[in-house]
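Take a look at the structure below.
The values are calculated or read from the model by the stated rules, or taken from the named source; none is laboratory data. Quick caveat: nothing in here was measured; it's all calculated off a predicted structure. Note that we place each Cβ from the backbone using ideal geometry, even for glycine, and neighbour counts take in every protein chain shown.
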Amino acid sequence: MNFYDKEEAPREVDIEVLKKSAEAGDSQAQYNLAISYYRGQGVEKDKAEAVRWFRKAAEQGHSKAQFVLAWCYCQGDGIEEDEEEASKWLIKAANQRNETAADLLNIVLMLL
């Protein structure tokens, strides 16, 4: 799954600089670092580590990270599948006007 538009894709950056920003609490850096781990760009591919960074960004209100974290829980991608956690994060992202999350949430609600 492509979690961002091509214009939003993280540029080639010094991964150590990105890690320092992420560790300092920058939610966009956390999201970008998660993408790097998810795709294996500049670091060894590690979906569990990606989920850890998606969660850190999501907990700070980063709507795209919330959506991706929901997706990971829904698919069991890098973390054990958990519908309750997936729903929780999907609702948080949709409440922030994340259109993709809102569309998926509407589909889920129609299926209930």
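With respect to Gly78, determine if the residue is on the phi > 0 side of the Ramachandran plot, touching a Cys at 6+ places or on another chain (Cβ under 6 Å) and either crowded, with 21+ Cβ neighbours inside 10 Å or of a type outside the set (Ser, Thr, Tyr) (or both).
Working: on the phi > 0 side of the Ramachandran plot: yes; touching a Cys at 6+ places or on another chain (Cβ under 6 Å): yes; either crowded, with 21+ Cβ neighbours inside 10 Å or of a type outside the set (Ser, Thr, Tyr) (or both): yes.
Yes; evaluated as a whole, the condition is true for this residue.
Scan region 20-37 and report the pairs whose first residue is within 14 Å of Gly61 (Cα to Cα) and whose second residue is surrounded by fewer than 21 Cβ atoms within 10 Å (Cβ to Cβ) and of a type in the set (Ser, Thr, Tyr), with Cβ atoms within less than 6 Å and a gap of 6+ or a chain change.
From region 20-37, the pairs are Ala29/Ser21.
Among the listed residues Ala22, Ala48, which satisfies the condition of being at pLDDT 95 or above, crowded, with 20+ Cβ neighbours inside 10 Å and in contact with a helix residue (DSSP H, G or I) (Cβ under 9 Å, 6 or more places away or on another chain)? Full working, then the answer.
Working: Ala48 fails: crowded, with 20+ Cβ neighbours inside 10 Å.
When all the criteria are applied, what remains is Ala22.
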